[in-house]
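Below you'll find the structure, written out as structure tokens, and then a few comments.
The values are calculated or read from the model by the stated rules, or taken from the named source; none is laboratory data. A quick note: this is a predicted structure, and the numbers were derived from the prediction, not measured. Counting neighbours? That spans all protein chains shown, and the Cβs are built from the backbone with ideal geometry, glycine included.
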Amino acid sequence: MLRVLCIALVLSGVVADRTKLPPTCDSVIYCHGPLLDTVQMAGLYNDSKTFVDMKIKLSPNITMEHFHEMMRRTGSQPTKADIREFVDQNFDPEGSEFEDWRPDDWKDNPAFLQRIKDPLFHQWASDLNKLWLQLGRKMKDEVKHNQDLYSIIYVENPVIVPGGRFREFYYWDSYWIIKGLLLSEMRSTARGMLSNFLDIVDRFGFIPNGGRVYYAMRSQPPLLIPMMQLIMEDFDDVGYLRQHIHTLDREFDFWMTNHTLEVEHDGHKYTLARYNDMSQGPRPESYKEDIDCAKHFDTRDKKEELYAELKAAAESGWDFSSRWFILNGTNKGNLTNLKTRSIVPVDLNAIMCGNAQIMSEYHARLNNAEKAAYYRDVHARLMEAIDKVLWHEDVGAWLDYSLESGRRRDYFYPSNLSPLWTKCYDMGRKEYYVNRVVNYLDKVKLDVYEGGIPSTYEHTGEQWDYPNAWPPMQYIVIMGLANTGVPEAMRFANEMATKWVRSNFEVWKDKTAMLEKYDATIFGGLGGGGEYVVQTGFGWSNGVIMAFLNKYGDEMCAADAFGAAESGAVVGAAVGAGGVATALLAVLASVAAGTLGLMMYKKRREYTALHSGEDLKLLSRKPYTELRSLNGASAQRLR
């Protein structure tokens, strides 16, 4: 019965006729149509995102007339040179929508720096605080009045962007960016970013993946409500909450309406969430790459199914990963084996459950008793579903669930621990769950990795697979364990946070750059693989490091990064003049070593300014990566 129901769900929700679905957006230049196909398939740029980020010089109608003229002139067989000439004549370069902007609320010495005792980490955190000045973007007024000339989605307030090729806002990245901004006491910038998102929900009904029209039919992990929580915890403005509570309701309802389904398990029915796509065609920003991937399929329907899986995986934020592969019931395969829509993910459901809890508390504060009761009920039902369907007693962790097989997928992902972060488990049995999770982490041998927690244990060449380690996953696991209050879990969190901070710092010393992702297997290793070269900047990386230094900075030491002992403490010094002298010499030597290290670090830390909003610094190649280059040039495909 279970297998029959799951197959029925897959057939109705995954293999439905997609020919009547809308394109990714209405634009016949940026999202679909012969112009997009002609330009993108010509392969003018290493990164397909380059073209769809360009500004139209004249108007969409005139641009289309010029395109048709070119096609007539060339008998619909334009050369690459013809197409390049057409683009150069009709489009301005990517990034044309921004003007110079310096955040008015930036502070040189925010208070959290004083909690960081190690002088090297203190200086590093101060440098990271300066990076916000380079990652800020403000849109020109012209964008507001001529939206049809741009692919960017206009927002009123300036934003902090991730960095590199990601020159617009991104949904889930912004949670950790706002976290870092608040630690930097840039409250106006942080609140402005949240207000942008609230405005976008009012305009679109939800928050798109990122700030481009070609993202307008998919989202990303729903962290708007936790962003509001960050703002409210920093400055408890009940009036602001009351003003926007219905917009938060609307975002939550979007996910409940468009991303949930019914799963039958052990004779009971549960409502759970998954990632989905309801648009036609390949991703415009990865158009050629998606078309090339779909060549493995022989019918339009099969190609459309692949495009849907690619877009659903992009919505997850994990694009791409063996986490979404299903091949003969395993996680083996490649992108043609993507089955994102057939997998119920732990992290999405944990986030939705946590959002329901936050919303229940907010409505209770605003005396909206009926709404508070609704969210309490949703929270209770989601928490029960997570426990009954996703928790695996023998494994000792929550696991993604396959709708195809009706079974949990027993593979390690950091996201398996997401319910700890959102507190979506029975807190009355906290030690029962936490102790099993700690045993699980021992079993999967996370302690052997010097560069962070890997996304998976599958080495596929995709960027969300082994050996890459991603900042948001470190944060979710570490803060989830730390907030349990269980000593062994807190110890695990402290150790993993220390490894992550030190490894990030090692890269910073060498490259003067924060990266989008790192290598879990190498201390100071660069991330790689996937659709594009490793990007620098980098919004969520900065925010996560700031959060860890704020939490652990009073005890965390960078000395091991220089090969010194972790502590300058003198153990067992003898009493008396000789012992005191020895102790003083040891302390002086420790201070001298730290001072020398700081001097060496300061010599290395000269900034290379962002150029046209792109990479901070050219990166050298690491031997393990599948990428042809890590030199900062654009490479293929989209996040």
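So Val39 fits all but one of (1) assigned to a loop (DSSP other than H, G, I, E, B); (2) modelled with pLDDT of 95 or more; (3) not charged (D, E, K, R); what number is the exception?
(1)
Return a yes/no flag: does region 39-56 have any residue that is in contact with a Leu (Cβ under 7 Å, 6 or more places away or on another chain), surrounded by fewer than 22 Cβ atoms within 10 Å (Cβ to Cβ) and of a type outside the set (A, V, I, L, M).
For region 39-56, residues in contact with a Leu (Cβ under 7 Å, 6 or more places away or on another chain), surrounded by fewer than 22 Cβ atoms within 10 Å (Cβ to Cβ) and of a type outside the set (A, V, I, L, M): present.
Given the condition at pLDDT 95 or above, within 20 Å of Ser321 (Cβ to Cβ) and acidic (Asp, Glu), answer yes or no: does some residue in region 531-544 qualify?
So far as region 531-544 goes, no, none of its residues is at pLDDT 95 or above, within 20 Å of Ser321 (Cβ to Cβ) and acidic (Asp, Glu).
Report, by residue number, each residue of region 115-163 that is among the aromatic types (Phe, Trp, Tyr) and without any contact (Cβ under 8 Å) to a residue 40 or more places away in the chain. Break it down into steps so the answer makes sense when it comes.
Residues of region 115-163 that are among the aromatic types (Phe, Trp, Tyr), as a first pass: 121, 124, 132, 150, 154.
Tyr154 - this is the single residue of region 115-163 that is among the aromatic types (Phe, Trp, Tyr) and without any contact (Cβ under 8 Å) to a residue 40 or more places away in the chain.
What do you reckon, is Glu233 of a type in the set (D, E, K, R) and either crowded, with 23+ Cβ neighbours inside 10 Å or free of Cβ contacts under 8 Å to residues at least 12 places away in the same chain (or both)? Even if it seems obvious, please write down each step before you answer.
Working: of a type in the set (D, E, K, R): yes; either crowded, with 23+ Cβ neighbours inside 10 Å or free of Cβ contacts under 8 Å to residues at least 12 places away in the same chain (or both): yes.
So Glu233 fits the description; yes.
Regarding Ile83, is this residue touching a Phe, Trp or Tyr at 6+ places or on another chain (Cβ under 9 Å) and either touching a residue at least 12 places away in the same chain (Cβ under 8 Å) or within 30 Å of Leu549 (Cβ to Cβ) (or both)?
Working: touching a Phe, Trp or Tyr at 6+ places or on another chain (Cβ under 9 Å): no; either touching a residue at least 12 places away in the same chain (Cβ under 8 Å) or within 30 Å of Leu549 (Cβ to Cβ) (or both): yes.
Criteria not met by Ile83.
Could you grab me the full set of residues in region 474-494 that are surrounded by fewer than 22 Cβ atoms within 10 Å (Cβ to Cβ) and in a loop (DSSP other than H, G, I, E, B)?
Asn483, Gly485, Val486
Condition first: over 22 Å from the mean Cα position of the chain (by Cα) and closer than 30 Å to Tyr425 by Cα. Now tell me which residues in region 477-523 satisfy that.
Thr484, Gly485, Val486, Pro487, Glu488, Ala489, Met490, Arg491, Phe492, Asn494, Glu495
Filter region 296-347 down to the residues that are farther than 25 Å from Trp421 by Cβ and among the basic types (Lys, Arg) and list them by number.
Arg300, Lys302, Lys303, Lys311, Lys332, Lys339
Tally up the residues in region 301-317 that are surrounded by fewer than 20 Cβ atoms within 10 Å (Cβ to Cβ), touching a Lys or Arg at 6+ places or on another chain (Cβ under 9 Å) and without any contact (Cβ under 8 Å) to a residue 40 or more places away in the chain, please.
So the count comes out to 0.
State which residue is surrounded by the fewest Cβ atoms within 10 Å (Cβ to Cβ) when the search covers only region 243-268 and only residues that are in contact (Cβ under 8 Å) with a residue 60 or more places away in the chain and of a type in the set (D, E, K, R).
Among those that are in contact (Cβ under 8 Å) with a residue 60 or more places away in the chain and of a type in the set (D, E, K, R), it is Asp266.
Only residues in region 180-202 that are under 14 Å from Tyr154 (Cβ atoms) count as the first member; pair them with residues that are surrounded by fewer than 18 Cβ atoms within 10 Å (Cβ to Cβ) and charged (D, E, K, R), Cβ under 7 angstrom, at least 6 apart or cross-chain, and list the lot.
Once the first residue is under 14 Å from Tyr154 (Cβ atoms) and sits in region 180-202, its partners that are surrounded by fewer than 18 Cβ atoms within 10 Å (Cβ to Cβ) and charged (D, E, K, R) give Asn196/Glu156; Asp199/Glu156.
State whether one or more residues within region 237-250 are in contact with a helix residue (DSSP H, G or I) (Cβ under 7 Å, 6 or more places away or on another chain) and of a type in the set (Phe, Trp, Tyr).
No, region 237-250 has no match at all.
Look at region 223-256 and say how many of its residues are in a loop (DSSP other than H, G, I, E, B) and within 15 Å of the chain's Cα centre (by Cα).
Taking region 223-256 and keeping what is in a loop (DSSP other than H, G, I, E, B), we get 223, 235-237.
Subsequent filtering for residues that are within 15 Å of the chain's Cα centre (by Cα) retains 223.
Residues in region 223-256 being in a loop (DSSP other than H, G, I, E, B) and within 15 Å of the chain's Cα centre (by Cα): 1 in total.
Can you tell me which residue is nearest to Asp47 (Cα to Cα) among those in region 269-321 that are small (Gly, Ala, Ser) and out of contact with any Asp or Glu (no Cβ under 6 Å at 6 or more places or on another chain)?
Filtering region 269-321 for residues small (Gly, Ala, Ser) gives 273, 279, 281, 286, 294, 308, 312-314, 316-317, 321.
Right, trim to out of contact with any Asp or Glu (no Cβ under 6 Å at 6 or more places or on another chain) and you get 273, 279, 281, 286, 294, 314, 316-317.
Numbers: Ala273: 32, Ser279: 22, Gly281: 18, Ser286: 8, Ala294: 18, Ala314: 16, Ser316: 21, Gly317: 19 Å.
Among those residues, the one meeting the criterion is Ser286.
Inside region 281-296, can you point out the residues that are assigned to a loop (DSSP other than H, G, I, E, B), surrounded by fewer than 23 Cβ atoms within 10 Å (Cβ to Cβ) and free of Cβ contacts under 8 Å to residues at least 40 places away in the same chain?
Step one: filter region 281-296 for residues assigned to a loop (DSSP other than H, G, I, E, B), giving 281-283, 295-296.
Applying the additional criterion that residues be surrounded by fewer than 23 Cβ atoms within 10 Å (Cβ to Cβ) yields 295-296.
Matches in region 281-296: Lys295 only.
Taking helices (runs of 4 or more DSSP H) that do not extend beyond region 362-473, which have at least 3 residues that are surrounded by 24 or more Cβ atoms within 10 Å (Cβ to Cβ)? Walk me through how you get there before you give the answer.
Values: elements: 369-385, 418-422, 430-443.
Helices (runs of 4 or more DSSP H) meeting the threshold: 418-422.
Criterion first (in contact (Cβ under 8 Å) with a residue 60 or more places away in the chain and of a type in the set (A, V, I, L, M)) does Ala369 satisfy it? Talk me through it step by step, then tell me what you get.
Details: in contact (Cβ under 8 Å) with a residue 60 or more places away in the chain: no; of a type in the set (A, V, I, L, M): yes.
So Ala369 fails the test.
Looking at Phe325, Phe320, which is the one that is crowded, with 17+ Cβ neighbours inside 10 Å and touching a Gly at 6+ places or on another chain (Cβ under 6 Å)? Step through it out loud before you land on a result.
Numbers: Phe320 fails: touching a Gly at 6+ places or on another chain (Cβ under 6 Å).
So the residue among Phe325, Phe320 that is crowded, with 17+ Cβ neighbours inside 10 Å and touching a Gly at 6+ places or on another chain (Cβ under 6 Å) is Phe325.
Give all pairs with beta carbons closer than 7 Å in which a residue from region 19-33 that is touching a residue at least 40 places away in the same chain (Cβ under 8 Å) meets a residue that is among the aromatic types (Phe, Trp, Tyr); count only pairs at least 6 apart in sequence or on separate chains.
Thr24/Tyr214; Cys25/Tyr214; Tyr30/Tyr214; Cys31/Tyr214
Across region 185-222, what is the number of residues that are of a type in the set (D, E, K, R), part of a helix (DSSP H, G or I) and surrounded by 20 or more Cβ atoms within 10 Å (Cβ to Cβ)?
So the answer is 1.
Thr422 fails exactly one of the following numbered conditions: (1) out of contact with any Phe, Trp or Tyr (no Cβ under 8 Å at 6 or more places or on another chain); (2) without any contact (Cβ under 8 Å) to a residue 60 or more places away in the chain. What is the number of that condition?
(2)
How many residues are part of a helix (DSSP H, G or I) and either closer than 26 Å to Thr19 by Cβ or of a type in the set (Asp, Glu) (or both) when one looks only at region 297-335?
Applying the first criterion (part of a helix (DSSP H, G or I)) to region 297-335 yields 300-316, 322-324, 335.
Subset that is either closer than 26 Å to Thr19 by Cβ or of a type in the set (Asp, Glu) (or both): 300-316, 324, 335.
Qualifying residue count, region 297-335: 19.
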